[in-house]
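Take a look at the structure set out below.
The values are calculated or read from the model by the stated rules, or taken from the named source; none is laboratory data. Please read all numbers here as calculations on a predicted model, not as lab measurements. Heads up, the Cβs are rebuilt from the backbone with ideal geometry, glycines too, and the neighbour counts pull from every protein chain shown. When the accessible area is computed, the model is the full protein with side chains, heavy atoms only, and any ligands, DNA or RNA have been set aside. Shrake-Rupley method; radii C 1.70, N 1.55, O 1.52, S 1.80 Å.
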Amino acid sequence: MVKPMTPAQKQLAEDHMDLVPKIIRSMTNGSPLTSEQRQELCQIGYLALCRAAVSCGEGLPFTPYAAAAIRNAIYDSWRHEIRGKDLFCPLQEDLLDAMPALQIGQEQEAMPDAAPLALKDTAAGAYLETLKASQCSTIQKGIEALCFQLEGYSAKELSAHYQVPSNHIRAWQSKARRFLQQDAALCALLS
């Protein structure tokens, strides 16, 4: 529920409106911003200033409280923007429709003009399989997940395949990476 601002809170926010451009300038550090980006940051900052005026307790210094609220609101906006970019797929819809859906482990038909050499077809791939067979199940799954990731599968897709949370996949991969980095023979084969 939104609490309306009292006249004293409105006056407090109006008195400190100069904080928003100063904080934006210090946070962007002279980076070139488009007018839209600057306007959006100003809107976010002014809204945070109003929220700070409403939520600031009596007797507390307002300027540092408001400055922290404005900075945090801008950081939250940037985090949200980055997450949105991570989820954005630049492929056109017609390209997505033309591509057949693949399941993990299903072989993809080779394109006639491009035949990339798969890791499993190399000496390093064969050595990797022997390493995988001699290790505990966690490292086996990690090596397998790393190989799938090299083929382009995401942690989310792998978590659906293994039916575990994606943080399990990342932990397996981390343990497998640590193990593989210590193997001198594999490093020699890959170099």
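What the table below lists for this structure:
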{"item": "Where a residue in the stretch 127-143 is in contact (Cβ under 8 Å) with a residue 12 or more places away in the chain and its partner, wherever it lies, is open to solvent by less than 70 Å² (accessible area, probe 1.4 Å) and among the polar types (S, T, N, Q), with Cβ under 8 Å and at least six apart", "result": "132/140; 142/173; 142/174; 143/135"}
{"item": "Which listed residue, of 144, 157, is in a helix (DSSP H, G or I), open to solvent by 70 Å² or more (accessible area, probe 1.4 Å) and either at pLDDT 80 or above or touching a strand residue (DSSP E or B) at 6+ places or on another chain (Cβ under 9 Å) (or both)", "result": "157"}
{"item": "Qualifying positions in the stretch 40-84 - in contact (Cβ under 8 Å) with a residue 24 or more places away in the chain and more than 17 Å from residue 19 (Cα to Cα)", "result": "77"}
{"item": "Hits in the stretch 1-58 (condition: part of a helix (DSSP H, G or I) and polar (S, T, N, Q))", "result": "9, 11, 26, 28, 35, 37, 39, 43, 55"}
{"item": "Residues located in the stretch 161-179, provided they are over 19 Å from the mean Cα position of the chain (by Cα), open to solvent by less than 90 Å² (accessible area, probe 1.4 Å) and either farther than 16 Å from residue 132 by Cα or acidic (Asp, Glu) (or both)", "result": "161, 162, 164"}
